[in-house]
Amino acid sequence: MSKSRLILMFLMVAMYAVNVIAQEYTIKGKITDMYNQPLPAVMVSNQQNVLNYTDEHGNFSFESQRGINKIYIKYLGMQDSVVTVNVTNSDINLGNIRLKELGTILKEVSVNTTSMPYKSGIQGTNYYVNPLTMKRVQPISTEEMLKALPGVNVLSDMGISNRLNVSIRGSWNRRSEKILIMEDGAPISPAPYTAPGVYYNPISDRISGIEVLTGADLLRYGPNNMFGMINYNTPKPPQRPALKAKITGGQRGYFTGLMSYGGTWDRVGAQIEGVFKKFDGFTDNSSVQMINLNAKVYAQLADNQSLFFKVSGQFEDNQATLSSMTPYTFSIDPTKHPFDADRFTMHRYGMDIIHKYTPDDNSSFTSRIFASDFARDWWRQVSTVIKAADVRQYVGEEIFSEKYKYLEGRSFTDEDYVRVGKINSKGRESTTDSRWNFTVASFDETYEHTFKGDGWKNNIEVQAKLYKETYIDRVLAADSSRWARTGRFTTDLQYSLYSISGYLRNQFTYGNLDIIPIFRLENVHMFRTDNIANANNPNLTSDEGNDRANSYTIFQPGITLSYQKSNMKWFGSIYKGYIAPSKYYGFLVERDGVLVNPLSPEELSNIKPEVSINAELGVRGNIYKNIIGGQIAVYNNEISNFYLAGWNEFFDKLANIRLRGAELALNIDLMPNNHVHSLSIQPSVTLISSKVKSGELVDRHLFTQIKHTQATKQEMVDKANSNPGGYAFYVKNSEGKEELLDYPISVDQIGNVVKTVYKFGKGGIENGETPNTPKFSYSVNADYGYKKFNFGLTYNYVSNQFSEFANFVNESGDGGLGQVKAFSTIDANLNYDFNLSSVRCSFFVVGKNLTNQVVVGSRLNRGQSGIMPTGWRQINSGIILEF
């Protein structure tokens, strides 16, 4: 062989070797938590300091050359991990890499993007909306996400759910008063005990996930742990420092602008954020503007200490109202809302400080301080309902031409009504202001310790909590103009409440079996002062002259059992739930089983909480070959001491109520191993039945304020005459005293009734249902993805539901009574992710209620408001930029 040939062969071998050595191969994998749920935005780097971050599904990939490669994984709150891999001559798939939580991690900053409709780390039934779904759907409000979850029913309030009306498993919907709603584990109600109505709800654009919890572990939280809990997750500080901007625009003046900056530097994560939102509303005079500013810090102070600090402020200015529309107005033009002077303004400040200390690998101390300040002014024009034929004469030509021109030239029946501004004795319109101020503060300390043995583990958790809230309730009246913004005080009440509570929870694990008993004890002292009554009392000797007080102690036991077999977890729980007595009935007196107002200040209030025995059974997990996964649950809730029934509906003889049902939530992945296309379906189903087993409900407004039609009067007469043991009607006699009507009742008599009593139970109304409890509802979401495109379609259906305990089917003339008929909606979303140089971008278009179903959504406030319609078709689009 010639010398030149040898040199040529050597060069060819050398070039081949260089090629092989220089050839790049792909290393990819998926980062998950200890429950195998994906973690987004985890920092992944190699020994050449090439940085990468996991995507929304927890996936990462980068190019590497042959040889030994080290992969460094870092995520705030998790233990750092190093993976060593030998790259030979092919791509490497590392599969799932599970990160272990640091002992100092806080659940308030734990985020994952599991495709399952639940969180594996939570005991009992729970439902979860992950950050990826929130991003794709781009909800106008949080209620849009909640209504698709099993067991949850949402009532419309015409706005963007800044006054949320949600029930879980049959609870009373209005202002979500009987469920516990949290943000990052802290209550958002202005005063969870005395005034639990939700008048603050976070702007949906700043929410990264939503959890709905039921079962015995609710005893960790309290009060109002009878039905369930909603917990909003806000984003944790991102691992990658980034400036984020989001702009959304749409029909009816819809606009959202969000800007945030955050990141993680060494062991400290921080983020600041501002959101502005405005919307003209679905009806006239229903616009809203909202601003939220917040900041948070999560710091790993040392190997055994962490700190979380969050502050937020929300400000609202909107044309909120309680005066909605009548069936007649709704049928003519559902956008007509004449009350232009109604105005709701509010602010809410909140602060959370959480410190966790782990003295050793088996113990931890978690300290939490929470405080909030909430204030609102709600000016509402005084309204009344009159016959449509009388509107012009009643309001005068000027107001008629301005607000009711749509009535001109129409013919009316005697049952056509319209809601108008009330004209007082001075010939003027008038207004009132409901002015509320709240402060809440709490401190709790939680201790956990874990014991381990051969095949078993025992975790004990103990918490003690101190809590205080104050509430000032003032009402002003102005009779000179609907535009007045000051007036005379007609109500001036002051409430205060103190609570000491604690719980003991023990989780014993043996193999695949968990036994979790939990016990909660709470002592509550509540007080009320009537400042106007004090001011009018010449014999007052102190500023506590007519204070009312009530104290109670509640003990709540519960237990959860669960068993993991293969990919499925079977679980069940039973516990005692309770609803705290609010301002509406917390200062009443029970005499011989009947609730009454106290005869004198010296007579102590003795009303006790509403209580229940709640039981559930369920199973969840990977049902079939990683294609079908989900959760199925059944439950039965037996409620006693039930008092607060609805708007001006109260059980003077406390009721017993049974709620039972079944829930299903699935995720069906139709293309589990396809890396280009994805197709999944997420169905959820709710079945629920309700029964009022006993109790007497007194209704003084049914025939004194409601504008009945011939159909509603006849319906009540037919019900009563066919079941005289279930109804009692009282009229005023010549002396002005209440007198019981004799049976049979006629339609002519019913119009003179001043008090109606419904008697539930044996010998009375034996098939009475609770309001706003649809027997059947379901949601189906289909989601298709191709590379960076994603398209989603959602169908929601809600069956018929009664709107009050009388269970009227026919609709009253003012819209306050009547069955809410079944309705459905279709929503869609389209998303496209792309990069512009180093800027990560996401463009989206979303459509709500695409078929434009204009239907009755609720009758929240009975005759005071009438019909609250659902929102109709709304198209929004926008872009998200991350620098």
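A few comments on the model shown:
- Subset of the range 22-72 (residues that are aliphatic (A, V, I, L, M), surrounded by 15 or more Cβ atoms within 10 Å (Cβ to Cβ) and within 16 Å of GLN239 (Cβ to Cβ)): ILE31, LEU39, ALA41, VAL42, MET43, VAL44, ILE71
- Of all the criteria given as (1) open to solvent by less than 50 Å² (accessible area, probe 1.4 Å); (2) in contact (Cβ under 8 Å) with a residue 60 or more places away in the chain, the one not satisfied by LEU679 is (1).
- Scanning the range 684-702 for residues that are buried (at least 19 other Cβ atoms within 10 Å of the Cβ) and either touching a Ser or Thr at 6+ places or on another chain (Cβ under 7 Å) or within 30 Å of MET116 (Cα to Cα) (or both) turns up SER684, THR686, ILE688, SER690, VAL692, ASP699, LEU702.
- Selection status of PHE315, open to solvent by 20 Å² or more (accessible area, probe 1.4 Å), within 30 Å of GLY857 (Cβ to Cβ), hydrophobic (A, V, I, L, M, F, W, C) and part of a strand (DSSP E or B): yes
- Of all residues making up the range 415-457, the number that are farther than 17 Å from ASP361 by Cα, under 32 Å from the mean Cα position of the chain (by Cα) and of a type in the set (D, E, K, R): 5
- Residue match in the range 232-242 (condition: on the phi < 0 side of the Ramachandran plot, in contact with a Gly (Cβ under 9 Å, 6 or more places away or on another chain) and among the small types (Gly, Ala, Ser)): yes
- Qualifying residues in the range 73-90 (those that are open to solvent by less than 50 Å² (accessible area, probe 1.4 Å) and among the small types (Gly, Ala, Ser)) - the one nearest to HIS675 (Cα to Cα): SER81
- In the range 722-748, residue nearest to GLN819 (Cα to Cα) [restricted to those that are open to solvent by 60 Å² or more (accessible area, probe 1.4 Å) and outside any loop (DSSP other than H, G, I, E, B)]: SER722
- Qualifying residue in the range 308-316 (condition: in contact (Cβ under 8 Å) with a residue 12 or more places away in the chain, of a type in the set (Ser, Thr, Tyr) and farther than 25 Å from THR142 by Cα): no
- Matching strands (runs of 3 or more DSSP E) fully within the range 182-275 where at least 3 residues are open to solvent by less than 10 Å² (accessible area, probe 1.4 Å): 209-213, 229-233, 254-265
- Listed by first and then second residue, the pairs with beta-carbon distance under 7 Å, at least 6 apart or on different chains, first residue in the range 734-757 and without any contact (Cβ under 8 Å) to a residue 40 or more places away in the chain, second open to solvent by 90 Å² or more (accessible area, probe 1.4 Å), are GLU738/LYS732.
Condition check ((1) more than 23 Å from THR234 (Cβ to Cβ); (2) out of contact with any Lys or Arg (no Cβ under 9 Å at 6 or more places or on another chain)) across all residues:
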position: LYS107; (1), (2): no, yes
position: TYR118; (1), (2): no, no
position: ILE122; (1), (2): no, yes
position: THR125; (1), (2): yes, no
position: TYR128; (1), (2): no, no
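- Any chance VAL846 is on the phi < 0 side of the Ramachandran plot and modelled with pLDDT under 95: no
- Filtered by the rule that a residue be touching a Pro at 6+ places or on another chain (Cβ under 7 Å) and within 23 Å of MET78 (Cβ to Cβ), the range 222-264 gives TYR232, GLY262, GLY263, THR264.
- Taken together, the residues in the range 383-405 that are open to solvent by 40 Å² or more (accessible area, probe 1.4 Å) and in contact (Cβ under 8 Å) with a residue 12 or more places away in the chain amount to 4.
- Once the range 509-557 is narrowed to residues that are among the polar types (S, T, N, Q) and part of a strand (DSSP E or B), the residue that is most open to solvent (accessible area, probe 1.4 Å) is THR553.
- One residue alone among ALA320, ALA299 is assigned to a loop (DSSP other than H, G, I, E, B) and either buried (at least 17 other Cβ atoms within 10 Å of the Cβ) or polar (S, T, N, Q) (or both), and that residue is ALA320.
The values are calculated or read from the model by the stated rules, or taken from the named source; none is laboratory data. As the structure is a prediction and not an experimental result, all values here were calculated from the model. Methodologically, a virtual Cβ is constructed for each residue, glycine included, from the backbone with ideal geometry; neighbour enumeration extends over all protein chains shown. Remember, those area values only see protein heavy atoms, side chains included, never the ligands or the DNA or RNA. Shrake-Rupley method; radii C 1.70, N 1.55, O 1.52, S 1.80 Å.
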